[in-house]
């Protein structure tokens, strides 16, 4: 992201507890800050793994909170949960600072799609506050999708992960079931494509492209599931299917699959628990990066 921001000509100050990451950004022309507080500007972006790191970076010693006030905007593009976004909105609002919650959606390997600007940013917040920064964001990302509340991008991103991971699990199970009977999963894919079962075929085809570096690691989707279940517990909403999928991910973690992307991890897990060889359910082709298009801003209300 630092590479992309600098490529568009913006001044940039960066801070990270990883000094090597700061040094890499400095080589791109960014200023290395001494703390998160020192990195705060008129528009400040946090881009961290989870709510734990964001709370430390914003509210911890030397955190950004001390420097955020009237006229300042914080955009959180981290892997945080809806409750974290609500807390940031409340506490920053008390100081007169604007808060915008957001998430990044990249098609293909982020190391390729983000520096080239071929990704989307979903943001949420008060419309007037969004309008003040949306053109800057659209200069960085191809598509900006605006939602009315700061917590919504966080909830929707987690929902995407819930859908995708649950599909990966059932697809791995179906492929194992077919393989155990001597059926070729690729033949099943051709049947789906021929009969016009497009949504099912797309899910199976995505699973078959699993042996690549696209998508988040199992450790990330595990985090999102835990966040979803925490919110559900607070709301007293049962989520039996998500709970079961979370246990499947726990099994993947226990078998050392945390650094694999979700479809690859579930494929390898099912090979372990069923004793089937799912190599036939692998096309080996890379997921294509989305073609460049005109920058656009979409308002969803």
Number of the condition not met by residue 156 [criteria: (1) at pLDDT 95 or above; (2) part of a helix (DSSP H, G or I); (3) surrounded by fewer than 20 Cβ atoms within 10 Å (Cβ to Cβ); (4) in contact with a helix residue (DSSP H, G or I) (Cβ under 9 Å, 6 or more places away or on another chain)]: (4)
Residues of the stretch 61-81 classified as at pLDDT below 95, touching a strand residue (DSSP E or B) at 6+ places or on another chain (Cβ under 9 Å) and within 21 Å of residue 224 (Cβ to Cβ), total: 2
Residues being at pLDDT 90 or above and either crowded, with 18+ Cβ neighbours inside 10 Å or not assigned by TED's automatic domain parsing to the domain that holds residue 89 (or both) - total across the stretch 106-126: 9
Criterion violated by residue 247 - all others in (1) farther than 21 Å from residue 104 by Cβ; (2) surrounded by 14 or more Cβ atoms within 10 Å (Cβ to Cβ) satisfied: (2)
For residue 50: the one exception among (1) touching a helix residue (DSSP H, G or I) at 6+ places or on another chain (Cβ under 8 Å); (2) modelled with pLDDT of 95 or more; (3) over 22 Å from residue 126 (Cα atoms); (4) surrounded by 17 or more Cβ atoms within 10 Å (Cβ to Cβ): (2)
Helices (runs of 4 or more DSSP H) wholly inside the stretch 15-71 that include at least 3 residues being under 20 Å from residue 94 (Cα atoms): 51-59
Number of the exception - residue 247 against (1) assigned to a loop (DSSP other than H, G, I, E, B); (2) out of contact with any strand residue (DSSP E or B) (no Cβ under 7 Å at 6 or more places or on another chain): (1)
Of all residues in the stretch 15-46 being without any contact (Cβ under 8 Å) to a residue 40 or more places away in the chain and closer than 24 Å to residue 131 by Cα, the one that is nearest to the chain's Cα centre (by Cα): 46
Condition met for residue 49 (under 30 Å from residue 235 (Cβ atoms), touching a residue at least 60 places away in the same chain (Cβ under 8 Å) and in contact with a strand residue (DSSP E or B) (Cβ under 9 Å, 6 or more places away or on another chain)): no
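Residue by residue, here is whether (1) surrounded by fewer than 18 Cβ atoms within 10 Å (Cβ to Cβ); (2) modelled with pLDDT of 85 or more; (3) not in a loop (DSSP other than H, G, I, E, B); (4) not assigned by TED's automatic domain parsing to the domain that holds residue 181 holds:
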residue	(1), (2), (3), (4)
202	yes, yes, yes, no
233	yes, yes, yes, no
270	no, yes, yes, no
276	no, yes, no, no
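The values are calculated or read from the model by the stated rules, or taken from the named source; none is laboratory data. Everything quoted here is computed from the prediction, not taken from an experiment. Every residue, glycine as well, gets a Cβ built from its backbone with ideal geometry; the counts of neighbours run over all protein chains shown.
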